[in-house]
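The values are calculated or read from the model by the stated rules, or taken from the named source; none is laboratory data. Predicted model, so just to flag it, every value in this text is computed and none were measured. Virtual Cβ from ideal backbone geometry, glycine too; neighbours counted across all protein chains shown. The area values use the complete protein model at the heavy-atom level, side chains included, leaving out ligands, DNA and RNA. Shrake-Rupley method; radii C 1.70, N 1.55, O 1.52, S 1.80 Å.
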Amino acid sequence: MKEECIICKAALEYLGSDESMECALCHKKEMSKSRCVKGHYVCNDCHTSGMDAMIGLCLEETSKDPVAAIEKMMGQPFCHMHGPEHHVMVGSALLTAYKNAGGDIDLGQALAEMMGRGKSVPGGACGFWGACGAGISAGMFISIISKSTPLAAGPFALSHLMVSKALGEIGAVGGPRCCKRDSYLSILAAVDFVKEHFGIEMEKPRVVCSHSAKNNQCIGNRCPFRREDGMGHAKLQ
């Protein structure tokens with residue numbers, strides 16, 4: 001099992017309130033609730049270093065399957081088992097599959113917008129905001145394709161309904177967090193939502209997790225994406 005800290009592999013700890021932290025990589029100081037048990041802190045920018053490569057991956061992707069798209073991103077060096085990169089990846093995978101399924105968007109422009117919006121959601125939002133960044137990312141996707149603004153009527157409603165549906169799926173499974181599980185749940189919810197409200201049919205595959213061996217908090221048989229042979233998951237918690 002791989003641990004959490006990308007500096008020393010030690011487990012993470014979450015604090016009750018924000019404290020001033022210095023990033024172990026770029027030495028930027030900022031407030032945060034998380035660090036590893038040995039005191040290392042890595043800021044969101046350093047944690048997601050190299051993520052700009054995601055746009056090129058998406059522009060080259062031809063599949064209508066957003067899970068296939070995000071799995072390619074998950075295999076890149078910028079993606080860790082958990083982290084705020086997923087807050088961009090979910091929406092980017094959906095934008096890519098939506099475009100390939102016939103959605104009328106400028107994909108390059110949409111991906112750049114998704115990058116800016118998704119990176120504004122910090123790591124740990126799932127536990128501290130009560131709103132997982134993967135679910136929020138699905139809402140950002142709907143906001144982008146519907147051209148929503150705070151003054152919009154229908155698009156405003158659709159974006160909130162999408163986040164509500166995604167977070168409902170995530171909450172129904174429960175914690176502890178798993179960025180891979182929550183990404184899959186958000187994407188699958190979005191596929192159904194887009195078919196119903198936009199008439200665009202992306203592919204909806206059967207998802208089987210291949211990442212559980214890297215997750216110390218895997219929920220095992222409670223995970224809807226567990227392998228049928230029972231291998232590769234931690235014991236049920």
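Out of all the residues in the range 97-111, is one or more of a type in the set (Phe, Trp, Tyr) and at pLDDT 95 or above? Yes: the range 97-111 contains one or more residues that are of a type in the set (Phe, Trp, Tyr) and at pLDDT 95 or above. Scanning the range 16-44 for residues that are on the phi < 0 side of the Ramachandran plot and either free of Cβ contacts under 8 Å to residues at least 12 places away in the same chain or open to solvent by less than 30 Å² (accessible area, probe 1.4 Å) (or both) returns 20, 21, 23, 29, 32, 36, 41, 42, 43.
Scanning the range 108-131 for residues that are closer than 17 Å to residue 14 by Cβ, of a type in the set (Gly, Ala, Ser) and surrounded by fewer than 24 Cβ atoms within 10 Å (Cβ to Cβ) yields 124, 125, 127, 130, 131. Within the range 85-107, the residues that satisfy the criterion of being surrounded by fewer than 24 Cβ atoms within 10 Å (Cβ to Cβ) and either assigned to a loop (DSSP other than H, G, I, E, B) or of a type in the set (Phe, Trp, Tyr) (or both) are 101, 102, 103, 104, 105, 106.
With respect to the conditions (1) open to solvent by 20 Å² or more (accessible area, probe 1.4 Å); (2) part of a loop (DSSP other than H, G, I, E, B); (3) in contact (Cβ under 8 Å) with a residue 24 or more places away in the chain, residue 227 lacks only one, and its number is (3). Listed by position, the helices (runs of 4 or more DSSP H) inside the range 1-79 whose residues that are of a type in the set (A, V, I, L, M) and in contact with a Pro (Cβ under 9 Å, 6 or more places away or on another chain) number at least 2 are 66-74. Scoring residue 148 on the criteria (1) within 19 Å of the chain's Cα centre (by Cα); (2) open to solvent by less than 60 Å² (accessible area, probe 1.4 Å); (3) of a type outside the set (A, V, I, L, M) leaves a single failure, condition (1).
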